[in-house]
Each structure stands twice: as C-alpha cells, then as structure tokens.
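The values are calculated or read from the model by the stated rules, or taken from the named source; none is laboratory data. Computed from a prediction, not measured in an experiment: that's the story for all the values here. Quick reminder, even Gly has a Cβ in these numbers, built from the backbone with ideal geometry, and neighbours come from all protein chains shown. For accessibility, only protein heavy atoms count, side chains too; no ligands or nucleic acids. Shrake-Rupley method; radii C 1.70, N 1.55, O 1.52, S 1.80 Å.
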Amino acid sequence: MTKKRTDKWWKDAVAYQIYPKSFKDSNGDGIGDLNGIREKIGYLKDLGVDFVWLNPVYQSPNVDNGYDISDYQAINPEFGTMDDMTQLIEEAHANGIKVIMDLVINHTSDQHPWFLEACKGEDNPYHDYYIWSDTAEKPNDWQSIFGGSVWEYVPSLKKNYFHVFAKEQPDLNWENKQMRESIFRMIRWWLDQGIDGFRIDAISHIKKSSWETKARPDWPHSPFTNVKGIGKYLKELSAVFKEYDIVTVGEASGVTAEEATEWVGNDGYFNMIFEFEHISLWQRDKNEAVDVVGLKRALGRWQRALDYGEGWNALYMENHDVPRSVSVFGNDTPQYRARSAKALATMYLLLQGTPFIYQGQELGMPNMTFTAIDQLDDVTAKNQIKDLLGEKDQATKTLEILELMSSVSRDNSRTPMQWDWSDNAEFSTGKPWMAVNPNHKTINVAQQRVEKSSILNYYKQLIHLRKTKEVLVSGHYVDYLPKHKQVYVYERFLEKERLLVIVNLTKDEAEIKLPQTVVGKDWSLLLTNSVEDKSQQTTVIASKMTIAPYQALVYVHN
Ligand code: GLC
Ligand code: CA
C-alpha cells in the first residue's frame, strides 16, 4: 500500500533528541560539538530517524547548560561556529534528516546585552524587556522552579527582577510589544537559515499571575504556569511559525489533556507539545513499583484527547531533564535491563503521535552511579546538594547525597553517549566534561550494532514498523484492562487494519483476561522482546494469557 499517509511530514516521522555537549566530541576538548554530530549522521540515518532536536547550542555562560542564552544569533564557541551549523544542516538534509533547534524565550541569561542594558536604569529602552518589582520589597513569596525566591535584588536599582528558573535566567516581559517583536525577528532569522522547526522551551511560563496571587498548596509554581491569558502571546508566536513550513513542539508543563486541542488542535499554538502528566510519575520511592495504572491513565487520556485528527501527540519517555527511563520506569538490574528497555520502547513507540528518542535511550543506558560530588554538574543538583550538605562536609552525608543524586539528578541523562568500549567510550579523545558511565564497557553502540537481539536493533525494528504500518501513524487508539496493575494492553485500528500491543511493565508474571473483541484466531505475532518464549508465538489469542516479566507482544490482525 503506497497511499500518502498523512498531510504533514512530521506525523510520519521519528525524532531523536541530541544533547550536543554529551553526544560526540570532534576536537578532543572533552565537549561534544556540532562537528561531532556531523560525524554521526550515518548512525542516525541507520537508526531510521527523520529529524533531530538539538538542545541549545547558542552563546551562553552555561549556568544551565545553554538554557541561559547571552546571544541568540551566535553559536557557543565550545560547540563550533555558525559555518559548522550551516554545514550540519546541509549534511543532515542531504541524508534526509531534518533539524530543529531549542527555542528558549521565556528568559535569557543575565549576561544577555538586553539584560545588561536593562540594569542600567528605568529609562533604558531595554529595562521593560524584563519583569521588575516596584520597590525594594519582594512582591510575593513565590518559589522558583530551581529553588529559592523568584525575585532577585539589584542594589543599584533598588528593585528586584523576576526569574522562574535560576537567578542567572531573568524572565522576559511578554507584556512588552517591542520585546516580542525582537524575539519574533530572531525566530525568523533562524528559520531563514534553513532549520526545520523548534522545540520551544518552558513556554507555559511566559504569562504570570498578578503579584498578590497565592500559590496553590499542592503546586508552588501555579502562579506562573499556564496562567489564563497566555493564549494572546501564544497566538502571536504561532502566527510567526505559520509563515514557514516547519514543525513546532512546545514544552508545556501544567497543560492538561482537557486543554490539548487549544494547544495543539488544528488551530493550536503548536504542532505538538511535550505534556508532563505521565513523565511526572517517575518520582517514586526507592522500592515502590511503577504506578502502571497511573501511567496508562495519563498516556491514554492524551491519546484520546487528540484522536480523530484533532491534534497530534509528542511521545517520549526520556529527555535531558529526567533520569534514565530504564532505571525509573523499567528495571536496570542485569537480569531485566535489556528486556524492560524493550518493553518500554514497545509501549510508547507504537502509540499515536510522533515518538522522540533521547540519545542513549536506544541502548538502554541506565542511570549513573555517581561516586564523587564533583561529578555532578546540573545547576539544580548543585543547589540541592548545597542545601543538603549544610555547612559541614560529612562523609556519611556525602554518601547519602551521592545515592540520592544517582537516582534523581538530571545529570543521569547527561553523561556522554557510549559509542564503544574504549576508555572514553569513543565520545572524546580528551578528558570528557562529565564522567563517562563505567558500564560503557558492556553498554555501547559498537556492541549493540552487531548483536542481533540488542536493544538498538529492537529500536530499529520498531521504527521500521512505524514506517511500514499505516495503522501506527493514522490509526485510532483504544486501551483494555485500564485497572490492571501490571500490563498495558492497547489496540491501534484503522479501517480493517488492527494491531494489538501487550506489555507487562513489572518484574512479575501477570495474568490477563482479554475482551471478546480481541480473542480469536486471526492474529499473528509481529514483534516480541522474548523470542525464546515459544508459548506466545500463536495465532490464537486466548481469553486468558500469562505474560512473562517485562514481556512485550505485538500482534497484527490477519
Ligand atoms: C526546560 C529545559 C530545562 C531547563 C529549563 C530552563 O525545562 O528542558 O533543561 O533547565 O527549561 O530553561
Ligand atoms: Ca569539542
């Protein structure tokens, strides 16, 4: 069947997220860079991805690894030059891979010329590009997402400026039309360089409540997250995007499935958004199991909200802000790491939407076991460590902190990509800016490339499935057994095509009872992460089935 599958290229696509600092270093300074990415285009092509999202590569003092931008129209020299960027875009395009960039427009760096000007005085034209208190007093006790007050005092002005994230990331004032025009000019400039779209950072924070608003007790960031009235600015922004044939993916914490069509419907602000409902379920105590019912509920809600052409989902289980998915949603013990990584991949890559794979996820890279405080780099990790350590550096406390960080820190997903088993995992010939996970001796691309049953090859199979089965792109979604505590069962269907996905998300065997609509003789097993288990290689789906730990089964209706 060679019918045109969708109206938009990005609906058929599989995306890959690159954290440039940790992907591939081309010049031996220990820092990943643009030319390093260029070296690996062949790898991306072989994996089957259609576009890449690059985390910020703009000029930045790197307080928050590039999310504090000091010049939007310059490349950070540690990543290369504008020429390198142009070449990367060209070469990616020549290989059929599109490139989208991170767009950080809720805030800038405190080193951005606009902010430096803004601090010179109230008469400066850039003063109003940022958000200020009227007096020396802080207008409220709102807490920033990175900890501490959202207000930072500037003695020379006897006023405070507002920041949702670190104090080195002052928020831009979206109420200011000139500021918006400056941002829109910059956006057009980048799109004119030939990039294919943007992932828009922290965009649900651009509107703030009036200062006297109280934070919700269960949600300290409510006064500046998805605040009523934000649509006015998002509409203006999307009008700029619509001048181009691009893809836009908004990072939209606090946006609920009920609001989904407003954000990503056919007239929505973005083509897709990264919602936070399912990913926030990773936070669990050490021994607590994954909330399988909650995960199905959250994912299912978004699937249903955007079904029937009303919008489009961005599918993801991992990114640079959360620990590794195999460690939190899967199981990173030697017995189950590979199998659970494949189970998770099966579960989310076959849902409706455009899947995003975060670098290393396709190898089942787990969290890092940090062994020294100075191995941690992330600004939020450092703040947390400072609070926990207090005045004294006690050895026992240090051990506890390292244990905690090895499970919760964003640094877990920022260790260098593991290309092979050599000393620095072929990431760099110099000293990597961040410690390489010692497990690269066994978990790496070189090895998984040749091993037929590797996680990497399993990802390739899943990507190939998406490319060949129309039902996976345009098909609808229905799930069964929503209350089952271990197994996720859903079906994708389109006209006569039907595909059934069964995934056990726990380390215990599970019994399931399937509904009459799927029980029957007409199925064949298309893909599984447990080929050695012959019992499921059946064409008959029985009403009762036993699903092995982390087993994933994909059946197609004949
Ligand atoms: C987003 C980014 C995160 C960054 C924050 C502030 O959440 O994904 O990495 O720290 O915005 O820009
Ligand atoms: Ca480098």
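By a straight-distance test (C-alpha under 20 Å), which aspartates and glutamates pair with LYS534 as possible cross-link partners, with residues fewer than eight away in the same chain excluded? Of all the aspartates and glutamates, those that pass the test against LYS534 - Cα under 20 Å, at least 8 places apart if same chain - are ASP508, GLU509, GLU511, ASP522. Here the calculated FRET efficiency for ASP321 and VAL540, from their Cβ-Cβ distance with R0 = 51 Å, stands at 0.70, rounded to the nearest 0.05. At an R0 of 35 angstrom, the distance between the Cβ atoms of GLU258 and VAL531 translates into a FRET efficiency of 0.25. In plain terms, the chain from ASN95 to GLU137 could stretch by 9.5 nm, reckoned as 0.36 nm per residue minus the Cα-Cα distance.
Across segment 108-171, the relative contact order, built from alpha-carbon pairs under 8 Å that are at least six residues apart, equals 32 percent. Relative to the longest principal axis of the Cα atoms of the chain, the long axis of helix 379-389 lies at roughly 80 degrees. Label-to-label distance, LYS242 versus ALA74, with points set 7 angstrom from Cα along the beta-carbon direction: 3.6 nm. If you line up the long axis of helix 177-192 against the longest principal axis of the chain, both from Cα atoms, how many degrees apart are they, to the nearest 10? Tilt of helix 177-192: around 50 degrees.
Normalised by the residues of segment 407-515, what does the relative contact order come to in percent, with Cα pairs under 8 Å and at least six apart? All intermediate terms of the calculation are to be shown ahead of the outcome.
Details: 126 pairs, mean separation 15.7, N = 109.
Reported relative contact order: 14 percent.
Rounded to the nearest 500, the helix-only mean residue ellipticity at 222 nm of the chain stands at -7500 deg cm²/dmol, with each DSSP H run of n ≥ 4 adding -39,500 (n - 2.57).
Each Lys and Arg Cβ is given +1 and each Asp and Glu Cβ -1; about its Cα centre, the chain then shows a dipole of about 2020 debye.
Can you tell me the orientation of helix 292-305 relative to the chain, as the angle in degrees between its alpha-carbon axis and the longest Cα principal axis, to the nearest 10? Long axis of 292-305 versus the principal axis of the chain: about 80 degrees. Once you keep just the Cα pairs under 8 angstrom separated by 6 or more residues, what percentage relative contact order results for segment 91-245? The normalised contact order for segment 91-245 reaches 25 percent.
Rolling a 1.4 Å probe over the heavy atoms of the protein chains gives the chain an accessible area of 41 Å² per residue. The accessible-area ordering, largest first, of the residues GLU362, GLU495, GLU212, GLU243 stands as GLU495, GLU212, GLU243, GLU362, per a 1.4 angstrom probe. For segment 355-427, the list of trypsin sites (Lys or Arg not before Pro) that fall in a loop by DSSP and count at most 11 other C-beta atoms within 10 angstrom reads LYS392. Only lysines eight or more places from LYS21 in sequence, or on another chain, were considered; those with a Cα closer than 24 Å are LYS40, LYS45, LYS98, LYS167, LYS382, LYS431, LYS441. Taking segment 39-60 and a reference point 7 angstrom along Cα→Cβ of ASN457, the backbone N atoms nearer than 20 Å belong to 43-49. Residues THR354, THR256 ordered from highest to lowest accessible area at a 1.4 Å probe: THR256, THR354.
Model label points for ASN176 and GLU400, set 7 angstrom from Cα along the Cα-to-Cβ axis, are 4.4 nm apart.
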